[in-house]
Amino acid sequence: MTASSTASPFPRTFRSAQLSEPQHDAASGLLYRTLDLPVTEPAVQPQALLLLLHGVGGNELQLAGLGPLLDARLRVALVRAPLAFGPSQFGWFQVSFGPQGPSIDPAQAESSRQQLSRLVDSLQAASGIAAGRTVVAGFSQGGIMSAGLVLTEPQRVGGFGLLSGRILPEIAPLIGERAALARLAGFVAHGEADDKLPFAWAEKATAWLGELGVPHELHRYPVGHQLTAEMAQDFAAWLAAHWLTS
């Protein structure tokens, strides 16, 4: 395995919100933590469900730095990938990088996609939040998994965030119905100087999404393979605009 991203992609100035202990979902076999966001008003009811997926070589804490930017009306789950690659290092599938670009283990990717699908069902049932108000987003390989799940099972979710990732061509035979795809909302963010997953992958993603009729936004930044404060703020603003009522 190469291109490990064990460190948090956030600047050190981000503060972590309060995290739960790891919880095990029996239906999917996945572990996750909930992220308790700052509450400014009493009895805040969740309006949307957000699953955040980390990159290869990271863990569920990798995206905890988003906490201070997120609205308390979001129910947030930080999900740990199922494959252990080292101490506190996990991934959704094995990947290697060569002259022809990334090469993956498609069986592992598909198994992880199915596990995520079952976890989404579990979290929706536990929270009472509907599929149309569920968002799955991730960084790097986590973004790959987010797009893969949402595009193949658009009836289970309302939107996705593809942050410095790509869309696997391997999911093409599994793409969902166009009517359901048209109801989605997507946020694509990518660094123009990304040396792990070059910006061309974001261009390919937005072209494919356009062909599929998936409403989405493409945000480009003059950075490398990372999630900057500006990216995070844009993503948080997109979430609020699409999934929260005033």
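The values are calculated or read from the model by the stated rules, or taken from the named source; none is laboratory data. From a predicted model like this one, the values you see are computed outputs, not experimental measurements. Neighbour counts are summed over all protein chains in view; Cβ atoms, including those assigned to glycine, are modelled from backbone coordinates with ideal geometry. Keep in mind that these areas ignore ligands, DNA and RNA; they rest on the heavy atoms of the full protein, side chains included. Shrake-Rupley method; radii C 1.70, N 1.55, O 1.52, S 1.80 Å.
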- Message: Quick check on my filter: what residues within segment 142-177 are among the small types (Gly, Ala, Ser) and in contact with a strand residue (DSSP E or B) (Cβ under 6 Å, 6 or more places away or on another chain)?
- Response: 142, 143, 146, 147, 158, 159, 161, 164
- Query: Does residue 220 meet the test of being assigned to a loop (DSSP other than H, G, I, E, B), free of Cβ contacts under 8 Å to residues at least 60 places away in the same chain, more than 17 Å from the chain's Cα centre (by Cα) and farther than 11 Å from residue 165 by Cα?
  - Reply: no
- Residue that is most open to solvent (accessible area, probe 1.4 Å) [pool: residues in segment 58-84 that are over 14 Å from the mean Cα position of the chain (by Cα) and modelled with pLDDT of 95 or more]: 84
- Message: If I filter segment 199-212 for residues that are open to solvent by less than 10 Å² (accessible area, probe 1.4 Å), out of contact with any helix residue (DSSP H, G or I) (no Cβ under 6 Å at 6 or more places or on another chain) and among the small types (Gly, Ala, Ser), do I get at least one hit?
- Response: yes
- Message: Looking at 126, 180, 147, 107 in this structure, which one is free of Cβ contacts under 8 Å to residues at least 60 places away in the same chain, open to solvent by less than 50 Å² (accessible area, probe 1.4 Å), more than 24 Å from residue 231 (Cβ to Cβ) and not in a loop (DSSP other than H, G, I, E, B)?
- Response: 180
- Query: Among 165, 176, 186, 191, which is of a type in the set (Gly, Ala, Ser) and out of contact with any Gly (no Cβ under 9 Å at 6 or more places or on another chain)?
  - Reply: 176
- Note on the structure: Of (1) of a type in the set (Gly, Ala, Ser); (2) within 25 Å of residue 240 (Cβ to Cβ); (3) under 18 Å from the mean Cα position of the chain (by Cα), residue 126 fails just (3)
- Looking only at segment 150-177, which residues are under 22 Å from residue 55 (Cβ atoms), open to solvent by less than 10 Å² (accessible area, probe 1.4 Å) and either in a helix (DSSP H, G or I) or small (Gly, Ala, Ser) (or both)? 150, 151, 159, 161, 164, 165
- Yes or no: residue 220 under 20 Å from residue 50 (Cβ atoms), open to solvent by 10 Å² or more (accessible area, probe 1.4 Å) and among the basic types (Lys, Arg)? no
- Query: Which members of segment 20-37 meet the condition of being at pLDDT below 90 and either among the polar types (S, T, N, Q) or surrounded by fewer than 19 Cβ atoms within 10 Å (Cβ to Cβ) (or both)?
  - Reply: 36
